[in-house]
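The values are calculated or read from the model by the stated rules, or taken from the named source; none is laboratory data. What you are looking at is a predicted structure, and each value in this text was computed from that prediction instead of being measured. Using ideal geometry, Cβ is built from the backbone for each residue, glycine included, and neighbour counts are taken over all protein chains shown.
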């Protein structure tokens, strides 16, 4: 049973590694996430703000992972062009965009007051 749990984590980490290696958008999201964490340290954001930022970063990275999985599965099940396959990919990409837009709004709500206080 312990070996099965270990293998589950091993496969999950392999999936994350594959996602980072193959997806440019994931790399972009990670860089933005790292910059956001740096800004959080710079501005000494509160614990609540850290929670909001962390959840937002995790949401965007997870959405990108789900999008990639859906794209791979769609390519496997529909190697030739099909309008529903295209629609499926568009909807999955749209979900990532919604998550990223939500994270950007959280970023504005969290960081804008700190930036204004820093500059003022």
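Looking at this structure, is residue 70 touching a residue at least 40 places away in the same chain (Cβ under 8 Å) and touching a helix residue (DSSP H, G or I) at 6+ places or on another chain (Cβ under 7 Å)?
Values: touching a residue at least 40 places away in the same chain (Cβ under 8 Å): no; touching a helix residue (DSSP H, G or I) at 6+ places or on another chain (Cβ under 7 Å): yes.
So residue 70 fails the test.
Among the residues of the stretch 74-88, which ones are assigned to a loop (DSSP other than H, G, I, E, B) and either touching a residue at least 40 places away in the same chain (Cβ under 8 Å) or surrounded by 10 or more Cβ atoms within 10 Å (Cβ to Cβ) (or both)? Reasoning before the result, please.
Step one: list which residues in the stretch 74-88 are assigned to a loop (DSSP other than H, G, I, E, B), which gives 78-82.
Correct list: 78, 82.
Going through the stretch 6-47 one residue at a time, which ones are assigned to a loop (DSSP other than H, G, I, E, B) and modelled with pLDDT of 95 or more? Step through it out loud before you land on a result.
If we filter the stretch 6-47 for residues that are assigned to a loop (DSSP other than H, G, I, E, B), which is where we start, we get 23, 44-46.
Once the filter is applied, which keeps residues that are assigned to a loop (DSSP other than H, G, I, E, B) and modelled with pLDDT of 95 or more, the stretch 6-47 yields 44, 45, 46.
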The stretch 5-39, subset under 15 Å from residue 107 (Cβ atoms) and in contact (Cβ under 8 Å) with a residue 60 or more places away in the chain, residue surrounded by the most Cβ atoms within 10 Å (Cβ to Cβ): 29
Single unsatisfied condition, residue 94 versus (1) in contact (Cβ under 8 Å) with a residue 12 or more places away in the chain; (2) within 20 Å of residue 23 (Cα to Cα): (1)
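Report yes if some residue within the stretch 45-55 is farther than 30 Å from residue 119 by Cβ, surrounded by 11 or more Cβ atoms within 10 Å (Cβ to Cβ), over 20 Å from the mean Cα position of the chain (by Cα) and free of Cβ contacts under 8 Å to residues at least 12 places away in the same chain; otherwise report no. Spell out how you get there, then give the answer.
Of all residues in the stretch 45-55, those farther than 30 Å from residue 119 by Cβ come to none.
No, the stretch 45-55 has no match at all.
Could you pull out the residue among 44, 62, 22, 77 that is at positive phi and touching a helix residue (DSSP H, G or I) at 6+ places or on another chain (Cβ under 9 Å)? If you could, list the steps in order and put the result at the bottom.
Numbers: 62 fails: at positive phi; 22 fails: at positive phi; 77 fails: at positive phi.
Matching residue, one of 44, 62, 22, 77: 44.
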Hey, residue 3 in a helix (DSSP H, G or I) and either under 15 Å from the mean Cα position of the chain (by Cα) or closer than 21 Å to residue 54 by Cα (or both) or not: no
